[in-house]
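Asker: My questions will all concern the structure given below.
The values are calculated or read from the model by the stated rules, or taken from the named source; none is laboratory data. All of these numbers come straight from a predicted model, not from anything done at the bench. FYI the Cβ positions are ideal-geometry reconstructions off the backbone, even for glycines, and counts take in every protein chain you see.
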Amino acid sequence: MGRVKENDLRNREAERAQTVLGDLTLNSIDIFCWCNRCGHNAIITTDILINRFGPALAVPEVGALLRCSGCGSKDVATRPNWRLPEKIARHG
Ligand SMILES: [Zn+2]
């Protein structure tokens, strides 16, 4: 009893946990995008994307709205451009 509901809730939580553009700007993380057709890739400043699409857009969905500047393909993938914790690794 109640197991189906529990699973349903977990699935919804997973959806909610999907990173949106607004999450990245808090940590100054940009978007890394690449073209599945020609391999062209670029880093786009998250602020620019938020100005265009709003902060509630999920990162994987950004690619569907972009067009490759190299070949014009709409087959573009996106992910957060996670940064290494340089401040911790470097002293001073
Ligand atoms: Zn391309």
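Asker: Run down 43, 50, 88 and say which single residue is assigned to a helix (DSSP H, G or I) and either at pLDDT 95 or above or under 18 Å from residue 19 (Cβ atoms) (or both).
Answerer: 50
Asker: Hey, another quick one. What are the pairs, 6+ residues apart or on separate chains, where a residue within region 59-75 that is near the ligand (Cβ under 8 Å from one of its atoms) has its Cβ under 6 Å from a residue that is assigned to a loop (DSSP other than H, G, I, E, B) and at pLDDT 95 or above?
Answerer: 68/40; 70/38; 70/40; 71/37; 71/38; 73/37; 75/36; 75/37
Asker: Take region 63-85 and flag every residue that is basic (Lys, Arg) and touching a helix residue (DSSP H, G or I) at 6+ places or on another chain (Cβ under 8 Å).
Answerer: Within region 63-85, 74, 79 meet the criteria.
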